[in-house]
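Data block below; observations after.
The values are calculated or read from the model by the stated rules, or taken from the named source; none is laboratory data. The model shown is predicted, which means the values in this text are computed figures rather than measured ones. Positions of Cβ are generated from backbone atoms using ideal geometry, with glycine treated the same way; all protein chains shown enter the neighbour counts. All accessible areas refer to the heavy atoms of the entire protein, side chains included, with ligands and DNA or RNA removed. Shrake-Rupley method; radii C 1.70, N 1.55, O 1.52, S 1.80 Å.
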Amino acid sequence: MNWSDRTFQLFANVGCLLVMAITLCVVFILLPSVDTSGVNLGFASYYGDHMVLQKSPERAVLWGYGPEGAQVTVSLSGPIKQKTSPVNVTKGVWRVTLDPVNAGGPYSVKAATPSSMATLTDVWFGDVWLCGGQSNMYFKTSQIFNASEELALAAKYPHVRTFMAALNLSETEQTDLIQVELPWTVPTARSLADFSAVCWLFGRYMYEFLKYPIGLVESCWGGTPVEAWSSTRALQQCGLQRTRESPKDKNSVLWNAMIHPMLNMTIKGAIWYQGEENADYHQDKYNCSFPAMIDDWRMAFHQGSEGQTAIDFPFGFVQLSTYKKDSTDDGFPNIRWHQTADVGFVPNPRMQRTFMAVALDLPDITSPYGTIHPRDKQDVAYRLTLGARAVAYNEKDVSFLGPFPSQILSSRMYVNITYNQSVSVTYSKDIFEICCSGIQAPCGPKSFWVPAPIAQWGPTTVQLSASLCPPSDEVAAVRYAWRDWPCDFKACPIYSASGILPAPPFIFNRYPDKGNIWKSY
C-alpha cells in the first residue's frame, strides 16, 4: 500500500549511476575510481554556501573532488582562523577533518590547491540534525495547520538552515548524493513551503532552546518501508531478504542513494517519522528491523565520520498517529508497539539514547491530504523537542515521557493499574480492554477481548472493571489504546499530570509471569 500524498518520480536516472565497488564488512564510504583528468577542485554535493557544520566538541568533516595527486589545503576564516595540513587527492577525492569550532559564524571555508580554489561562504557552526522517514516527514510546511503564519515566521530564524536531498534510488551504495533538491538555504517563506514541516518545526523549537545555529538535512520519501532505508547488513540481522516489486520498496535502495552518501558528514542526531508502510509489510519484523536500522545508522555514521558522529547519537522518532477511524485492523497498534521494540516506551535497554513523540491523540479526520496525513505537526515537533532536550542535551527535569504502567493488580472483578507518574484521567468505557481466558496462556489478537470501563482513579492509579469477563474466566491480559484511531483530538483518557503528554499504548499479558509487572490479589 502506498499512503504517500506525492507522485513520486520513478528511477529513470538509475541507469546513469556510477558503478561502485561494494564492501561486505566495512562501513567507510569507498573512494570512487574516476577519470580525474580535468576534474575541477570542489566540495561534495551537500556542502554549500549558508550551510551549518557540526560544532564542538565534535569535529566537522569536509570532503570533495579534485585533480588526481593534487595537494589540497582547507582554511577557515571568520571569528577564528584555522588551516589544515595539506592532503592529497586520491582516486579523485580529498578529505579533511577540522579542529573543533564553537557555535557561531559566519565563516568562509576555502579549499585550495596551488592552481585553484573553491570557497563556501556564510557558513555557521551549530548542531546538524538529519530528518528521515516517509510521507509524514516529507509533509510540507505549506500543508500544516496555520501554514501561512508559520511561513511568515521564517525570516525570524535566519540561523536555522535547511537542506534537502532529492528523491533517488540506487542498487549500490553511492559515495555522493545523486541529486540535491534544495541546497543549503537561509529560510524564507518560499524555501520553507516545500520543506519538511516536522523537520523545520523541530529545528525552530530547538533553536529557541539552544540559541545557536541548527542545520536541518531532509532525506525522506513517502510510502517507503524501513527496509528501503536499511543496509543489507542491518536487514540480515532480522532475516529479511525478500524485496517488493515496486522500485522504491526494494531493500536498501534509499539507504544506498540518500543515506550512505552522507555518512562522512558529522551530525548531532536524527529524527524519524515512518512505519505506516510497514503496517502491512513485514509488520511482524518491525520490532527487529527498526532498532536494527538505528543501530546500523549509528555505527555507519560514526565510522564514516572517522569517529566524529557519536556511536550512540540521539535518535528521535514519531510513534504512528492515526489512519482509519473505527478500523479493527491491528496493523497500526502493532507497529506502534514494535516501534519501541515491544517495550512500550523509550529509551529502553534495546533502544538506548532514543526518544519518542506519541501522536495517536492527534487525528485529523478532515485532512485534505488523507487522514493518514494529520496537519498538526506543531505538537508532534514539540513533543520531539522535549525528548531531544532530555536525551540529546541531558537537560534535567524535562518531562518527555507520558504515563506508563509500573504495576498491574488483578482480581475477578477489577484490574488496578499503577502508573510511573501522576496522571490526568478522563472517563472512558472502552479504551482499555481485557482478555478473558479460562487457561493460563498469553492472549493474542484473536483472543476474547472485551472493554474494561474505568471504574475510578487516583493520583497515580486507574481501576478498571472486569465485570464483562465470563464468570468462568479470569483476566489474562490488558491493553490500552490498542486500535488505529483510539480517541479524538487530544482527548485520550490518560495524560501526564500536566495534560501535555499522552500515555503511549501498551499490551501486557499475565502469563507467563517471569519478570512481569502483573500481580494477583
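Identify the residue in region 353-378 that is without any contact (Cβ under 8 Å) to a residue 24 or more places away in the chain and closer than 19 Å to Met137 by Cβ and, among all such residues, is surrounded by the most Cβ atoms within 10 Å (Cβ to Cβ). Even if it seems obvious, please write down each step before you answer.
Applying the first criterion (without any contact (Cβ under 8 Å) to a residue 24 or more places away in the chain) to region 353-378 yields 366-368.
Cutting the leftovers down to closer than 19 Å to Met137 by Cβ gives us 367-368.
On the way: Ser367: 16, Pro368: 9.
Looking at the filtered set, the residue picked out is Ser367.
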**OP:** Out of the residues in region 467-521 that are among the polar types (S, T, N, Q) and in a loop (DSSP other than H, G, I, E, B), state the one that is nearest to Thr328 (Cα to Cα).
**Re:** Ser467
**OP:** Tell me which of these Leu464 doesn't satisfy, since it passes every other one: (1) assigned to a loop (DSSP other than H, G, I, E, B); (2) buried (at least 18 other Cβ atoms within 10 Å of the Cβ).
**Re:** (1)
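Could you tell me whether region 424-432 includes any residue that is charged (D, E, K, R), assigned by the TED database to the domain that holds Gln463 and surrounded by fewer than 20 Cβ atoms within 10 Å (Cβ to Cβ)? Spell out how you get there, then give the answer.
Residues of region 424-432 charged (D, E, K, R): 429-430.
Among the residues that remain, those that are also assigned by the TED database to the domain that holds Gln463 are: 429-430.
Narrowing further to those that are surrounded by fewer than 20 Cβ atoms within 10 Å (Cβ to Cβ): 429-430.
Among the residues of region 424-432, at least one is charged (D, E, K, R), assigned by the TED database to the domain that holds Gln463 and surrounded by fewer than 20 Cβ atoms within 10 Å (Cβ to Cβ), which makes the answer yes.
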Original post:
For region 184-217, how many residues meet the condition of being in contact with a Lys or Arg (Cβ under 9 Å, 6 or more places away or on another chain) and in a strand (DSSP E or B)?
Top reply: 6
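Looking at Leu409, Leu384, which one is open to solvent by 10 Å² or more (accessible area, probe 1.4 Å), among the aliphatic types (A, V, I, L, M) and either in a strand (DSSP E or B) or touching a residue at least 24 places away in the same chain (Cβ under 8 Å) (or both)?
Details: Leu384 fails: open to solvent by 10 Å² or more (accessible area, probe 1.4 Å).
Within the list Leu409, Leu384, the selection yields Leu409.
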**OP:** Please report, ordered by residue number, the strands (runs of 3 or more DSSP E) entirely within region 61-121 with at least 1 residues that are under 25 Å from Pro158 (Cβ atoms).
**Re:** 61-65, 71-77, 104-112
**OP:** State yes or no: is Ile494 assigned by the TED database to the domain that holds Thr418, in contact (Cβ under 8 Å) with a residue 60 or more places away in the chain, open to solvent by less than 10 Å² (accessible area, probe 1.4 Å) and among the β-branched types (Val, Ile, Thr)?
**Re:** yes
Original post:
Considering region 143-157 alone, what residues qualify as being assigned to a helix (DSSP H, G or I) and either open to solvent by less than 20 Å² (accessible area, probe 1.4 Å) or among the acidic types (Asp, Glu) (or both)?
Top reply: Ala147, Glu149, Glu150, Ala154
Original post:
Is region 219-242 home to any residue that is under 15 Å from the mean Cα position of the chain (by Cα) and open to solvent by 10 Å² or more (accessible area, probe 1.4 Å)?
Top reply: no
**OP:** Given the conditions (1) open to solvent by 10 Å² or more (accessible area, probe 1.4 Å); (2) under 28 Å from Ser252 (Cβ atoms), report the number of the one that Phe209 does not fulfil.
**Re:** (2)
Subject >> Filter result (out of contact with any helix residue (DSSP H, G or I) (no Cβ under 7 Å at 6 or more places or on another chain) and buried (at least 24 other Cβ atoms within 10 Å of the Cβ)) within region 323-340 >> reply: Arg336, Thr340
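So, Gly222, is that one at pLDDT 95 or above, out of contact with any Gly (no Cβ under 6 Å at 6 or more places or on another chain) and assigned to a helix (DSSP H, G or I) or not?
Working: at pLDDT 95 or above: yes; out of contact with any Gly (no Cβ under 6 Å at 6 or more places or on another chain): yes; assigned to a helix (DSSP H, G or I): no.
So Gly222 fails the test.
Inspect region 158-168 for any residue being assigned by the TED database to the domain that holds Gly370, touching a residue at least 24 places away in the same chain (Cβ under 8 Å), aliphatic (A, V, I, L, M) and over 25 Å from Gln308 (Cβ atoms) and give the result as yes or no. If you could, list the steps in order and put the result at the bottom.
First, pick out the residues of region 158-168 that are assigned by the TED database to the domain that holds Gly370: 158-168.
Add one more test, that the residue is touching a residue at least 24 places away in the same chain (Cβ under 8 Å), and what stays is 158-165, 167-168.
Filter once more, so that each one left must be aliphatic (A, V, I, L, M): 160, 164-165, 167.
After this cut, where a residue has to be over 25 Å from Gln308 (Cβ atoms) as well, the list is 167.
Checking region 158-168: at least one residue is assigned by the TED database to the domain that holds Gly370, touching a residue at least 24 places away in the same chain (Cβ under 8 Å), aliphatic (A, V, I, L, M) and over 25 Å from Gln308 (Cβ atoms).
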**OP:** Mind listing whichever residues of region 288-317 are open to solvent by 10 Å² or more (accessible area, probe 1.4 Å) and touching a Cys at 6+ places or on another chain (Cβ under 9 Å)?
**Re:** Cys288
Original post:
Of everything in region 11-67 that's over 30 Å from Asn102 (Cβ atoms) and among the β-branched types (Val, Ile, Thr), which residue is modelled with the highest pLDDT?
Top reply: Val39
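Can we say Lys250 is over 17 Å from Val346 (Cβ atoms), under 14 Å from the mean Cα position of the chain (by Cα) and surrounded by fewer than 24 Cβ atoms within 10 Å (Cβ to Cβ)? Before the answer, list the steps.
Values: over 17 Å from Val346 (Cβ atoms): yes; under 14 Å from the mean Cα position of the chain (by Cα): no; surrounded by fewer than 24 Cβ atoms within 10 Å (Cβ to Cβ): yes.
No; evaluated as a whole, the condition is false for this residue.
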Original post:
Do we find that Pro486 is surrounded by 13 or more Cβ atoms within 10 Å (Cβ to Cβ), of a type outside the set (Asp, Glu), without any contact (Cβ under 8 Å) to a residue 24 or more places away in the chain and at negative phi in this structure?
Top reply: no
Subject >> Selection status of Ala193, at pLDDT below 95, surrounded by fewer than 22 Cβ atoms within 10 Å (Cβ to Cβ) and farther than 30 Å from Ala70 by Cα >> reply: no
**OP:** Output the residues belonging to region 46-60 that are crowded, with 18+ Cβ neighbours inside 10 Å and in a loop (DSSP other than H, G, I, E, B).
**Re:** Tyr46, Tyr47, Gly48, His50, Met51, Lys55, Glu58, Arg59, Ala60
